[in-house]
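No value in this document is a laboratory result; all are computed from the given coordinates. This structure is a prediction, so every number in the text was calculated from the model and none was measured. Reconstructed Cβ throughout: ideal geometry from the backbone, glycine too, with neighbour counts over all protein chains shown.
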Amino acid sequence: MDAALALKSKKHDVTIVTSHHNRKHCFAETNDGQLTVISIGDWLPRRIFGTAFCMTIRMIWAALYICLFSGLKPDVLFCDQVSNAIPILKLTSQAKIIFYCHYPDQLLTTQRTSLAKQLYRGFMDWLEEKTTGMADLILVNSRFTQGVFQETFKSLSGTTPPAILHPSLNTNVFDELSQTLTKSDLAFGKEYFTFLSINRYERKKNIILAIHAFDKIVKSTGRKDLRFAIVGGYDSQVKENDEVYSELLQLSSDLKIGQYVSLKKSPSDREKVKLLRTCGGLIYTPSGEHFGIVPVEAMYHRLPVVAVNDGGPTETVVNGQTGYLCQSDPEDFAIAMKKLIDGGDKLKKTLGDNGHQRVLQNFSFEAFAQKLDFFVQQVLI
């Protein structure tokens, strides 16, 4: 979606072809005429011989439609996430192909217990690698993903490394939401120093690390004005979400810091902006994140970030300038968190201003659009 809007802003004619588009549950830009969307092949199954197989079939059908039946004559085809249709596009179109790899799909599939599953995934992994290498230009979302890409796709190691196109932050949405905040909203929690965690309620987000770090701060300082707000995406139909939420509540109780810790399920965008504007620091604990947009959102709102020194945050957070990068250890996190407490408003303003400026220069929608437009122009040469 960001890529389509970015190219549109640079005066390119853009058409989105997808296998599914629900007008009751979609991005507004695909429903209000800003972007042309063609949905093709939604009747095809989604779960026969595995999700990856069905996704491949749906993508191939969409590729055949684009090149043989749609009447479209694209100069560039931008293929997002799934590469398996690229051979069809190459055979049936003269257009240049840009493939945006968010993360190798084969690394997201861990269930390979049976022989049949191993054979199936072995073929799908081989197909992913071969078809990815057929693109005229490969983009990835971070240096971290670039390294994983090169380590995973061994046969492509002798080719040009994929170029990096960081995801963008739609700052206009946040600006509009900020304008709706009242004086009462902005005074929220002024009597406390509140740390904030924004993550889905999943074990891989390692929110337990943040609670243990907060526990160390509370007990080492003896301060009663410290608070920890944990908010995140929660789906009652997802068993892990419910389990993790309960585990975090229980851990806070066991550590006897339950009165200092609050958990909220699926906050609204406005609630999230209010917290980003009023808290004292963001605590970001996932390791191995491909990019991680939450630290960027925090920095845009002038909120210092304490993040794990791994994956995406190493490219977004500048240690000592926009926040602190730490080892995945409660003690190390607690040291950084105490720096924010001791530094007070002056340190928060310095780190916050630096972070805000960094987002505008490197992760804004305009920065994303300019870089993507550059890649499109390059591939057409």
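With the charge dipole of the chain set up from +1 on Lys and Arg Cβ and -1 on Asp and Glu Cβ about the Cα centre, the Cα lying farthest toward the positive end among the listed residues Cys79, Ile335, Ala28 is that of Ile335.
In segment 229-273, the inverse of the mean reciprocal separation of distinct Cα atoms equals 11.3 Å; this is its Kirkwood hydrodynamic radius. Each of Ile293, Leu263, His102 was scored by the projection of its Cα onto the charge dipole of the chain, and the greatest displacement toward the positive side belongs to Leu263; charges sit on the C-beta of Lys, Arg, Asp and Glu.
Expressed as a whole percent, the proportion of Cα-Cα pairs in the chain lying more than 37 Å apart is 28%. Any idea how far the Cα center of segment 40-119 sits from the one of segment 272-293, in Å? Computed from Cα coordinates, the inter-centre distance equals 33 Å. Here the simple spin-label model places points 7 Å from the Cα toward Cβ, and for Leu347 and Asp175 these points are separated by 3.2 nm. Using a Debye calculation, one point per C-alpha and no hydration shell, please list log10 I(q)/I(0) for segment 171-363 at q = 0.08, 0.17 Å⁻¹ in order. Evaluating at q = 0.08, 0.17 Å⁻¹ gives log10 I(q)/I(0) of -0.23, -1.15. Only Lys, Arg, Asp and Glu carry charge here, each on its Cβ (+1 for the first two, -1 for the last two); on that basis segment 171-363 has a dipole of about 640 debye about its Cα centre.
Based on DSSP loop calls and a cut-off of at most 16 other Cβ atoms within 10 Å, the longest stretch of the chain free of exposed trypsin sites (Lys or Arg not before Pro) is what?
Numbers: sites that count: Lys10, Lys11, Arg23, Lys24, Arg46, Arg47, Arg112, Lys190, Arg223, Lys224, Lys256.
With trypsin sites (Lys or Arg not before Pro) excluded where exposed in loops, the chain gives 257-381 as its longest stretch.
Under 13 Å from a label point 7 Å along Cα→Cβ of Phe374: give me every residue in segment 150-190 with its amide N that close. Label zone hits: 163-166.
Long hydrophobic helices in the chain, taken as whole DSSP H segments with a C-alpha length of 24 Å or more on their own axis and mean Kyte-Doolittle hydropathy at least -1.0: 115-132, 330-362. What's log10 of I(q)/I(0) for segment 1-142 at q = 0.13 Å⁻¹, Debye sum over Cα points only, no solvent? Result of the Debye calculation: -0.62. Here the chain is assigned +1 on the Cβ of each Lys and Arg and -1 on the Cβ of each Asp and Glu. Its dipole about the Cα centre then comes out at about 360 debye.
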